[in-house]
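Every number in this text was worked out from the coordinates using simple rules, so none of it is lab data. None of these values were measured; they are calculated from a predicted model. Reconstructed Cβ throughout: ideal geometry from the backbone, glycine too, with neighbour counts over all protein chains shown.
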Amino acid sequence: MEATTDTLPPRDRVRPLRYLWRVPLLLLHIVFGIFVCAFILSWAGGVMRNGREPLAHRTIRFWSTGLLRIFGFRSRRFGTPLPDPVLFVANHTSWLDIELVHTQRAACFVAKAEIARWPLVGWMAARGGTIFHRRGNNHSLASVMGVMVERMREGRSVAVFPEGGTGHNGVLRVFHARIFQAALDADVPVQPVALRFARNGRRLIDIGFREGESFLGNIIRLLGEAPLDAEVHFLEPVPATPDARRRMAETSRERIAAALDADSSV
């Protein structure tokens, strides 16, 4: 019995106190986000010109950075993102992944269509340029890829999660290759992005969704977490191989897997 007790994680006595100030701050930040979406965001003009970041992009990065700080997460960037337009492909474990990428680079994300129906969240996501996709629907995927190509040809970057859903327990799922065709059609580079939560350089795999955990349940749990690092690793671009999308997907996955397992304490 004593051995079992010794293996239990130490009790976080500060956890209840974190809710006292984080919950009010989160509510205020959401109100600010509504204002941003209603009056500032305009993706019609949200394109970089001569390397200059438009107001909409800077505002998205500012709001996303603030959101992660409220949860106690410090965003850290490793590597250099390619200039717009580019197709970013990233691993997916948490609803925070989109905001984590946005702390470093504003991009149009592809997300599941169910989010569009979520109260407030769906509206904010749409205002931020999200492209909604009905999973398992080939017609929807073809339409989504058409929108992706159009936006990248306009000079915007697009970000996707090739796993097709969130992974659990730190497992990196197989990347779907078809989505890479959009980069080939738009003639833009593909850059893998590893999203990693860590403390003292060591990866934490329990920050994302647990098996069966709801969106609200995850928010409540994360609001009580002790401070940690939320890392965005911009990795080496993947060579375009028009005759081998599968190889592009596998190479992206291999590079992300290597970054997730690496020690980032330095």
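So here's what we get for this one:
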{"item": "Note, ³J(HN,Hα) from phi for region 199-214, Karplus 6.51, -1.76, 1.60, rounded to Hz, x at Gly and Pro", "result": "9, 6, x, 9, 5, 10, 9, 9, 7, x, 5, 7, 4, x, 7, 7"}
{"item": "Under 5 Å, built H, 5+ apart or other chain: amide partners of LEU204", "result": "PHE197, ALA198, ARG199"}
{"item": "Residues ASP243, ASP84 arranged by fewest to most Cβ contacts within 10 Å", "result": "ASP243, ASP84"}
{"item": "Debye intensity ratio in log₁₀ form over the Cα atoms of region 116-254, taken at each q of 0.15, 0.16, 0.18, 0.21 Å⁻¹", "result": "-0.94, -1.06, -1.28, -1.46"}
{"item": "Top of THR251, THR241, THR93 by mean-square fluctuation, Gaussian network on the chain, Cα under 10 Å", "result": "THR241"}
{"item": "Relative contact order %, the chain, counting alpha carbon pairs below 8 Å whose residues are six or more apart", "result": "24 percent"}
{"item": "Max mean-square fluctuation residue, GNM over the chain, Cα-Cα springs under 10 Å, options TRP95, TRP118, TRP63", "result": "TRP118"}
{"item": "Highest-MSF residue in the chain out of GLU250, GLU236, GLU213 [GNM, Cα springs under 10 Å]", "result": "GLU213"}
{"item": "Overall Cα dimensions of the chain - principal axes, largest extent first, Å", "result": "61, 42, 37"}
{"item": "ALA142-ARG11 pseudo-label distance in nm [points 7 Å out on the Cα-to-Cβ vector]", "result": "6.0 nm"}
{"item": "Cβ-based exposure ranking for LEU195, LEU20, LEU27, in which fewest neighbours within 10 Å come first", "result": "LEU20, LEU27, LEU195"}
{"item": "Helical segments meeting 27 Å axial Cα length and Kyte-Doolittle 0.5 threshold in the chain (DSSP H)", "result": "15-39"}
{"item": "Helical mean residue ellipticity (222 nm; -39500 (n - 2.57) per DSSP H run of 4+; nearest 500) of the chain", "result": "-12500 deg cm²/dmol"}
{"item": "Spin-label model distance (nm) - ARG153 vs GLU114, 7 Å beyond Cα toward Cβ", "result": "3.3 nm"}
{"item": "HN-Hα J in Hz across region 73-86 - Karplus 6.51, -1.76, 1.60, θ = phi - 60°, x for Gly and Pro", "result": "9, 9, 6, 10, 10, 10, x, 10, x, 5, x, 4, x, 8"}
{"item": "Convex hull (Cα only) mean projected area of region 215-263, reported in nm² to one decimal", "result": "5.4 nm²"}
{"item": "DSSP-assigned coil residues among trypsin sites (Lys or Arg not before Pro) in region 123-213, each with at most 12 further Cβ atoms within 10 Å", "result": "ARG135"}
{"item": "Model label zone, TRP21; criterion: amide N under 19 Å from point 7 Å along Cα-to-beta-carbon; scope region 57-101", "result": "65-75"}
{"item": "Exposure proxy ranking, count of Cβ atoms within 10 Å, fewest first, for ASP187, ASP97", "result": "ASP187, ASP97"}
{"item": "Packing-based ranking, highest mean first, of 160-167, 142-149 given that Cβ atoms within 10 Å are counted", "result": "160-167, 142-149"}
